[in-house]
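J.: Supplied in structure tokens, the structure appears directly below.
The values are calculated or read from the model by the stated rules, or taken from the named source; none is laboratory data. Please read all numbers here as calculations on a predicted model, not as lab measurements. A quick note on method: Cβ atoms are made from the backbone with ideal geometry, for glycine too, and the neighbour counts reach across all protein chains shown.
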Amino acid sequence: MHVGKRLATYILMAQHTTTVLAVVSMLFCFSLMWKGIKLTKEGQKQTALSAARQRLMEVERINSLITERFEQEDIPEEPLLRARHYINVPPRSFCDDRDFVVVVHSRLNDLETRSNWRRTYGSFQAMYRFALVFVVGRASTIEEKASLGSEVNIHEDILEVDFNDTYRNLTLKNIAALRYVLVACPEVPTVLKMDDDVAWNMEKAAKLANFTAATNKIHCSLHTNIPASRDTKQKWHVTYEEWSENVFPPYCYGLAYTIPRQGIIRVLQALQTQKFLWIDDIFVTGVLARHSAVSHVNVDEQYDYYPMQSVPIWKNSYTFALIQKCNIEYFFLIANSHLFIHKMTAAEDTLKSERI
């Protein structure tokens, strides 16, 4: 009888001990898990802080290089054309092992278009050896700063410069991008400047960029003998104060053009004595090119201004096309169909071999 009671007591004690041990074990595991979560969050926080510090250091480095190169001597007489402060820049390695930099003029708040570019052309930077950067003006509101800051953290392909992001500041955007590439990418021989409503064949553009570097001339769709419009109803009208001549010098259509490194150096040197003109294509590839004796090569046959009318032949004939932004992905596929045809052919060959 006593033995039975003792046994029952031992069993109850064992069950109680097991329960306590289970609870202690559970609490211990929870404690370890919580510490792991805290350590993970702390690690993520430290990583984010480290990345932020690196970005800040790169911004400071670029601004220092810009000051050293463009503010110590050869300072433009026109205040608007003097070097601007850079707020955000890509990482130091962004143009390493690249043959050309694709500079895209982008509106500050047009995240959707930049996202479409990244999903399409941005995915092939390594294959075609180019670096992609979007140039924007200053984010001013809290919402703009938060949105652009998040974009910078994720994609690291934004060049933000200290001026208002307006249409009339496109010249500032263009010059700021050229100055940046000159100091940040000393080994890159060519810049491909593009608007963001352009479809382009990456293989042909890469060949054009390499050819531009070899010939040391601007390659573009060249406009000549274009009269200066004084009609205020016209989008690109200019006053006599802005442009006193009746005809513009030969200039590139801003849709897309390639400019070699030596050409960039020379047109930027020509800034010293030139008066600001807000139409960036005319100013950079026309006015500055004329004063710096940088010549053009007209490759107008590589441009399509009405792609919807020529889709069947577009992929075989053109390098660049003016499109609507909503059609970026569609025309990316058309312009670069050779990539996907090769993949489809390879997939078909694989299926055939598996059947055999």
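J.: Within the range 273-281, is there a residue that is under 23 Å from Asp197 (Cα atoms) and among the basic types (Lys, Arg)?
T.: no
J.: Still on this structure, I have one more. Here's a check for you: in the range 254-267, which residue that is aliphatic (A, V, I, L, M) and part of a helix (DSSP H, G or I) is nearest to Tyr318 (Cα to Cα)?
T.: Among them, the one singled out is Ile264.
J.: Could you grab me the full set of residues in the range 333-344 that are modelled with pLDDT of 90 or more, more than 18 Å from Tyr305 (Cβ to Cβ) and not polar (S, T, N, Q)?
T.: Once the filter is applied, which keeps residues that are modelled with pLDDT of 90 or more, more than 18 Å from Tyr305 (Cβ to Cβ) and not polar (S, T, N, Q), the range 333-344 yields only Leu333.
J.: What number of residues within the range 127-154 are of a type in the set (Lys, Arg) and under 16 Å from the mean Cα position of the chain (by Cα)?
T.: The qualifying residues number 2.
J.: Also, quick follow-up: Has the range 129-140 got at least one residue that is modelled with pLDDT of 95 or more, out of contact with any His (no Cβ under 9 Å at 6 or more places or on another chain) and at positive phi?
T.: Within the range 129-140, one or more residues are modelled with pLDDT of 95 or more, out of contact with any His (no Cβ under 9 Å at 6 or more places or on another chain) and at positive phi.
J.: Specify the residue that is farthest from Asn63 (Cα to Cα); the eligible residues are those in the range 180-201 that are in a helix (DSSP H, G or I) and under 15 Å from the mean Cα position of the chain (by Cα).
T.: By that ranking, first place goes to Val181.
J.: Let me ask something additional. Just one of the numbered conditions (1) without any contact (Cβ under 8 Å) to a residue 24 or more places away in the chain; (2) assigned to a loop (DSSP other than H, G, I, E, B) is not true of Ala270; which one?
T.: Of (1) without any contact (Cβ under 8 Å) to a residue 24 or more places away in the chain; (2) assigned to a loop (DSSP other than H, G, I, E, B), only one is false for Ala270: (2).
J.: Within the range 286-300, is even one residue more than 26 Å from the chain's Cα centre (by Cα), more than 28 Å from Ala199 (Cβ to Cβ) and in a loop (DSSP other than H, G, I, E, B)?
T.: Yes: one or more hits.
J.: Then there is this: In the range 203-227, which residues are crowded, with 16+ Cβ neighbours inside 10 Å, of a type in the set (A, V, I, L, M) and assigned to a helix (DSSP H, G or I)?
T.: Ala205, Ala206, Leu208, Ala209, Ala213
J.: Same structure, new question: Return the residue satisfying two criteria in turn: it lies in the range 280-326 and is among the polar types (S, T, N, Q) and modelled with pLDDT of 85 or more, and of such residues it is surrounded by the most Cβ atoms within 10 Å (Cβ to Cβ).
T.: Thr285
J.: Sort out which residues of the range 80-104 are farther than 19 Å from Phe124 by Cα, surrounded by fewer than 19 Cβ atoms within 10 Å (Cβ to Cβ) and touching a strand residue (DSSP E or B) at 6+ places or on another chain (Cβ under 8 Å), and write them in order of number.
T.: Hit for the range 80-104 is His85, nothing else.
J.: Out of Leu148, Leu170, Leu182, Leu132, which single residue is buried (at least 22 other Cβ atoms within 10 Å of the Cβ) and not hydroxyl-bearing (Ser, Thr, Tyr)?
T.: The match here is Leu132.
J.: Based on what the data block shows, is Thr224 under 22 Å from Arg290 (Cα atoms), modelled with pLDDT of 95 or more and touching a His at 6+ places or on another chain (Cβ under 7 Å)?
T.: Judged against the criteria, Thr224 is not a match.
J.: With respect to Glu329, is the statement that it is outside any loop (DSSP other than H, G, I, E, B), over 27 Å from Lys217 (Cβ atoms) and modelled with pLDDT of 85 or more true?
T.: Answer is yes for this residue.
J.: State which residue is surrounded by the fewest Cβ atoms within 10 Å (Cβ to Cβ) when the search covers only the range 235-252 and only residues that are closer than 26 Å to Gln302 by Cα and at pLDDT 95 or above.
T.: Val247
J.: So which residues in the range 111-148 are assigned to a loop (DSSP other than H, G, I, E, B), touching a residue at least 24 places away in the same chain (Cβ under 8 Å) and either more than 26 Å from Leu182 (Cβ to Cβ) or touching a Ser or Thr at 6+ places or on another chain (Cβ under 9 Å) (or both)?
T.: Thr120, Gly137, Ala139, Ser140
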